[in-house]
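Right, one structure below, let's go through it.
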Amino acid sequence: MRMKKKRHGNDRIELLSDLFCENAAEAVKKENAVYKAEAPLRVEIGCGKGDFVRQLSLKEADYNYLAIEKISDVAIVAAEKYAISRGLGEKAPNGGWVKADGTVTPYGEGKVDFTLEERGNVRFLVGDAKQLLESMPDDSVESLYINFCDPWGKKGYAKRRLTHIDFLNLYARILIPGGKLCFKTDNRELFDFSVEQIGESKFRIEDITYDLHASEFNAENLRTEYEENFSAKGFKINYLKAVNEK
């Protein structure tokens, strides 16, 4: 289902622009001080409303995270939820952003200033994943996460799938040797396709299950709102972790 167009979407992104990167390469440039501390970089492709990356960034806090989302109206929801979770304020009742100290920045009056400490270890990026990741240098990412992406089920759309061999070759280039690709989907056809494509790539499947919530891997699984909803409807969640063996 397509998300309804958000009012003041661009203004809302401008307000929280301290939590966004301008491009993917920026996230790995140490001199840019995008993050407070240098740490291995993890990337989520298609972060949606940000439930997964928020949970993972707290659970495994010794990493920096870049959350990519193609749809700007979805990305701003993720960024706002992340900011609220960090105690950085909330949306102002009459528009704009109100910080925890009560300072209000209305729409159209610039951005809200956050220190690197306040921003935490997650940054957001809006755009097409393939174009963004192509700008990243070799061996610059520790892990990649793809959760419940568009299955692109229509005939002739296979190359658009985020687990097509063309994407896998790109992931292998930017991931470090031994880097991980983690993938979850409720779509069995997409999952079978992904397993087949990985078999032709530089990745080796390390863990796999066709029913994540009933598997040994469930104890470490971070569930999103989407995942909970579809699991409640009887859909089994497919999961795999693959290792980059380039």
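The values are calculated or read from the model by the stated rules, or taken from the named source; none is laboratory data. Being a predicted model, the structure only gives us computed values, none of them experimental. All Cβ positions, glycine included, derive from the backbone under ideal geometry; neighbour counts span all protein chains shown.
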(Q) So, in the stretch 60-76, how many residues would count as being touching a helix residue (DSSP H, G or I) at 6+ places or on another chain (Cβ under 9 Å) and under 15 Å from G9 (Cα atoms)? (A) 6
**Q.** Filter result for the condition that a residue is in a loop (DSSP other than H, G, I, E, B), in contact with a strand residue (DSSP E or B) (Cβ under 8 Å, 6 or more places away or on another chain) and outside the structural domain of K59 (by TED's automatic domain parsing), over K241, K246
**A.** K246
Q. For the stretch 184-209, how many residues are more than 22 Å from the chain's Cα centre (by Cα) and either surrounded by 14 or more Cβ atoms within 10 Å (Cβ to Cβ) or without any contact (Cβ under 8 Å) to a residue 12 or more places away in the chain (or both)?
A. 5
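What tally of residues in the stretch 67-95 results from selecting those that are under 23 Å from the mean Cα position of the chain (by Cα) and in a loop (DSSP other than H, G, I, E, B)?
We begin by selecting, within the stretch 67-95, every residue under 23 Å from the mean Cα position of the chain (by Cα); these are 67-91.
In the following step, the residues that additionally are in a loop (DSSP other than H, G, I, E, B) were identified as 70-71, 86-89.
Qualifying residue count for the region: 6.
Which of the following residues is touching a Lys or Arg at 6+ places or on another chain (Cβ under 8 Å), without any contact (Cβ under 8 Å) to a residue 60 or more places away in the chain and farther than 21 Å from F183 by Cβ: K81, K36? Before the answer, list the steps.
Numbers: K36 fails: without any contact (Cβ under 8 Å) to a residue 60 or more places away in the chain.
After ruling out the rest, the residue left standing is K81.
Would you be able to tell me the number of residues in the stretch 16-49 that are assigned to a loop (DSSP other than H, G, I, E, B), under 21 Å from I71 (Cα atoms) and in contact with a Ser or Thr (Cβ under 9 Å, 6 or more places away or on another chain)? I'd like the intermediate steps shown before the answer.
Just the residues of the stretch 16-49 that are assigned to a loop (DSSP other than H, G, I, E, B), to begin with: 16, 21-24, 29, 33-40, 46-49.
Applying the additional criterion that residues be under 21 Å from I71 (Cα atoms) yields 16, 21-24, 46-49.
Subset that is in contact with a Ser or Thr (Cβ under 9 Å, 6 or more places away or on another chain): 23-24, 48-49.
Here the count works out to 4.
For the stretch 96-183, give me every one of the helices (runs of 4 or more DSSP H) that falls completely inside it and has 1 or more residues that are at pLDDT 95 or above, over 16 Å from the mean Cα position of the chain (by Cα) and crowded, with 17+ Cβ neighbours inside 10 Å.
Details: elements: 116-119, 129-134, 165-174.
Result: 116-119, 165-174.
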Q.
Looking at the stretch 127-163 only, could you name the residues that are in contact with a Phe, Trp or Tyr (Cβ under 7 Å, 6 or more places away or on another chain) and β-branched (V, I, T)?
A. I146, T163
Q | Within the stretch 13-47, tally of residues that are charged (D, E, K, R) and at pLDDT below 95 | A | 7
